[in-house]
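Taken together, the values in this text are just the output of simple stated rules run on the coordinates, not laboratory data. This structure is a prediction, so every number in the text was calculated from the model and none was measured. Don't worry about glycine lacking a Cβ; one is built from the backbone with ideal geometry, like all the others, and counts go over all protein chains shown.
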Amino acid sequence: MGKHTLAPPDAITVDDESDHVSAWKDETDGIDRVISVGLSIDQPRTAEYVADEAHVSESTARKHLDRLVDLHVLSAVEQRGAKTYYPDGAYQHFREVSQVVEEYDQEEIERLTISTKEEIERLQETYDLDSPEELRSRATAEETTSSEAREYFKKASEWDQHLRMLSVAEEALDRYSEFSQQDSGAHHASA
């Protein structure tokens with residue numbers, strides 16, 4: 001009997017990944033791959049990074065990224081001598097508002113607004129503070145223990161998320177009739 005050796009599991013998946021990349025490249029235009037990567041990044045990235053992730057040349061990525069900056073879909077900033085790109089905050093907010101109007105009816109958005117306000121009020125009462133910034137300041141106070149600081153930072157982050165969601169929900173309510181009429185008009189046109 002001979003010795004049997006097993007191949008490492010990731011040796012099998014190398015071809016699978018290239019198959020997915022090939023399928024993505026075959027089925028998706030370069031601009032759409034650049035948009036997909038550009039909107040999914042969570043920190044400023046160079047055209048070189050986006051090009052690598054989107055499987056396009058760096059010049060193609062830069063051309064599309066600069067156009068997306070012109071359209072206010074992405075923002076750009078110089079960092080350490082390199083131009084970097086990241087999702088534009090106002091555009092992201094608009095997309096979130098549109099998505100809420102698409103996915104929920106007006107009554108559901110009203111309930112979301114109320115429950116979000118209740119969560120914010122609960123945090124204000126629990127910590128006897130008015131903002132997540134004040135909670136972060138408390139976390140860095142000299143008398144705060146490390147476990148308290150950890151909790152305060154976590155709760156401040158949750159508070160930020162509630163405030164962001166409240167802003168989205170309030171704007172969705174303000175613009176509900178406008179967005180839902182546009183949406184129903186599109187449905188009627190396609191029917």
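Between the listed residues 135, 93, 116, the Cα displaced farthest toward the positive end of the dipole of region 28-172, a dipole computed from Cβ unit charges relative to the Cα centre, is found at 93.
In terms of the mean number of neighbouring beta-carbon atoms within 10 Å, the peptides 140-149, 116-125 order highest first as 116-125, 140-149.
Computed about its Cα centre, the charge dipole of the chain is approximately 740 debye, with only Lys, Arg, Asp and Glu carrying charge at their Cβ. Short-range pairs are left out: with C-alpha atoms under 8 Å and at least six residues apart, the relative contact order of region 14-87 is 32 percent. Amide H to amide H, with H built 1.01 Å from N, residue 46 comes under 5 Å of 85, counting only residues 5 or more places away or on other chains. In the chain, the longest principal axis of the Cα atoms and the axis of helix 58-70 are about 20 degrees apart.
Could you work out the relative contact order of the chain, using alpha carbon pairs under 8 angstrom and six or more residues apart, expressed as a whole percent?
16
In debye, nearest 20: dipole of region 91-190 around its Cα centre with unit charges on the Cβ of K, R (+) and D, E (-)?
320
An oblate overall shape is assigned to the chain, the ratio a/c of its alpha-carbon gyration tensor axes (a ≥ b ≥ c) being 1.5 or greater and a/b not exceeding b/c.
Mean separation of Cα pairs under 8 Å and 6+ residues apart, divided by the residue count of region 99-179: what relative contact order is that in percent?
RCO, region 99-179: 44 percent.
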